[in-house]
Amino acid sequence: METDKCSQCRLCQQYCMVARAGGESITTILSGDSETGAWNCSNCWKCVEICPEDIDVYEVMMEKRRQEPAPVRYKRAFDSVCRIGYVYPVDEVNTFREMWGLEPIRLVDPKVVRKLLGRPWAGDEE
Amino acid sequence: MNEIEKRLLFPGCLVLACFQDYELAAKAVMRRLGMELVDMDDFSCCSSSVVPSMSDDWINLDAYNLGLAESRRMDIVTLCGSCTRTLKQANKKLKGDAALLEKVNERLAEAGAHYNGTVRVNHLIEVLDEKRSLIEKMERKSLDYRVALSHPCNVIRPSSVAQFDDPWRPQKMRKVLEAAGVQVVDYELEYECCGATLLMVNEKLALDAAAAKMRSAIEAGADALVVSCGNCYMLLDRFRHKIQEAHPEISLPIMFLPQVLGQVLDVSCRELGLELV
Ligand code: SF4
Ligand code: SF4
């Protein structure tokens, strides 16, 4: 396993803003200092950059997350991607674009996104 | 006459939904530098860190977007950190693994898409850096304010994916602005993460990180903080009222990189999104 290479040097923790603030993150999980915390992350990727054993801390974190229930904001964001094809609400973007003098843009058909994610909804196929 | 260079602008949904001024300014400045940023119809979620957290299938979204660009024969320019990282991550995996590319293409075919692995992805900072010598030669206005920089983590790290700059002390944004004659000040927390993604799980930690960074920039004498990512802007600007609830003394204008550069190159305020039409 990727994590078998971990020497518990805790360098990643020293660079992690969550761990430095006393919290749990993937860096405390890797060194056995906590069981949870994989979602507490600012996406700075200093842990990946600093690891002397070249552990892909990013992949380890994502794999751990996929085995756990997601915090509410992550869940909502993912539901939004499946529903409309994006994280942020886009229903009024072309009105805003016109106000700013930008050309209208054609948005993705959310059915395409659901197909790509292997999560079709009833009615997507007709 | 030379045909103007064109690249496809991947705006990302945050910029699309909230920061039209960033898109407008990026287009105006690149036009001034001889490049047209073309709208990317039908683009989808970049997968962000949201989709990989929930699904193994995240890479299909990025492959779909890369395929869209390939079918239009253009390379991609990005504006945010997360979009840049996921598109580059996917691109690296797909270009280096024929079996994976084939598997991903099976899924893409169901959605009427395809990707061969030929597209290049660059963040706006990288594109501006390519134009640095041109910027130096152009007529420039001097600005009466000094800026500090907030570097977008996801554009810089992991360096194996980003292939961008020094992963600990990135200099490209500074070099671009200095080429334009902008006064850039150093500050202690310049290379710290602003904390924006922590808004998803721990708002207090995000606000504290942002406040510390802004305070550090103010103490160093900056009149404005320059960002080149919608996520950073979201926290540092749109959460200003919350930052100020705990730290009322912190007040610092936040500007997008092309807005500052555009002022130097004498692009109109309207085209820079600094005033509504
Ligand atoms: S990417 Fe997340 S876990 Fe890694 S150092 Fe940054 S905040 Fe910590
Ligand atoms: S830096 Fe690498 S080897 Fe050291 S504790 Fe973190 S994951 Fe393990």
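The values are calculated or read from the model by the stated rules, or taken from the named source; none is laboratory data. These numbers were taken from a predicted model, which means no experiment stands behind them. Ideal geometry is used to build each Cβ from the backbone, glycine not excepted, and the neighbour counts take in all protein chains shown. The area values use the complete protein model at the heavy-atom level, side chains included, leaving out ligands, DNA and RNA. Shrake-Rupley method; radii C 1.70, N 1.55, O 1.52, S 1.80 Å.
Figures for the structure shown
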| quantity | calculated |
| --- | --- |
| Complete set of residues in the range B:141-187 that are within 16 Å of ligand 1 (Cβ to nearest atom) and either open to solvent by 10 Å² or more (accessible area, probe 1.4 Å) or in a loop (DSSP other than H, G, I, E, B) (or both) | B:His151, B:Pro152, B:Cys153, B:Asn154, B:Arg157, B:Pro158, B:Ser159, B:Ser160, B:Val161, B:Pro167, B:Trp168, B:Pro170 |
| Selection within the range B:188-218 - open to solvent by 50 Å² or more (accessible area, probe 1.4 Å), touching a Leu at 6+ places or on another chain (Cβ under 8 Å) and without any contact (Cβ under 8 Å) to a residue 24 or more places away in the chain | none |
| Candidates B:Glu219, B:Glu192, B:Glu136 - the one that is away from ligand 2 (no atom under 16 Å from the Cβ), over 21 Å from B:Pro258 (Cα atoms) and touching a helix residue (DSSP H, G or I) at 6+ places or on another chain (Cβ under 8 Å) | B:Glu192 |
| From B:Ser47, B:Ser53, residue being farther than 26 Å from B:Val226 by Cα, at the interface with another protein chain (Cβ under 10 Å from one of its Cβ atoms) and buried (at least 24 other Cβ atoms within 10 Å of the Cβ) | B:Ser53 |
| A:Ser25 near ligand 1 (Cβ under 6 Å from one of its atoms) and surrounded by 16 or more Cβ atoms within 10 Å (Cβ to Cβ) | yes |
| In the range B:88-121, residue nearest to B:Glu178 (Cα to Cα) [restricted to those that are buried (at least 21 other Cβ atoms within 10 Å of the Cβ), free of Cβ contacts under 8 Å to residues at least 60 places away in the same chain and not hydrophobic (A, V, I, L, M, F, W, C)] | B:Asn91 |
| Index of the failed condition, B:Gly96 passing every other in (1) within 11 Å of chain A (Cβ to nearest Cβ); (2) of a type in the set (Gly, Ala, Ser); (3) farther than 30 Å from B:Asp237 by Cβ | (1) |
| Residues located in the range A:32-63, provided they are near ligand 2 (Cβ under 7 Å from one of its atoms) and open to solvent by 10 Å² or more (accessible area, probe 1.4 Å) | A:Cys47, A:Ile50, A:Cys51, A:Pro52, A:Glu53 |
| Qualifying helices (runs of 4 or more DSSP H) (wholly inside the range A:22-126; at least 2 residues being within 9 Å of chain B (Cβ to nearest Cβ) and either without any contact (Cβ under 8 Å) to a residue 40 or more places away in the chain or of a type in the set (A, V, I, L, M) (or both)) | A:46-50, A:57-66, A:72-84, A:93-100, A:110-116 |
| Test: residue in the range B:118-133 that is part of a helix (DSSP H, G or I), within 14 Å of chain A (Cβ to nearest Cβ) and out of contact with any Cys (no Cβ under 9 Å at 6 or more places or on another chain) | no |
| Candidate set: the range A:1-21, residues that are surrounded by fewer than 17 Cβ atoms within 10 Å (Cβ to Cβ), more than 10 Å from ligand 2 (Cβ to nearest atom) and of a type outside the set (D, E, K, R); chosen: the one farthest from the other protein chains (Cβ to nearest Cβ) | A:Met1 |
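Yes or no, residue by residue, for (1) more than 22 Å from the chain's Cα centre (by Cα); (2) more than 25 Å from B:Ser48 (Cβ to Cβ):
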| residue | (1), (2) |
| --- | --- |
| B:Tyr191 | no, no |
| B:Ala196 | no, no |
| B:Ile218 | yes, yes |
| B:Asp223 | no, yes |
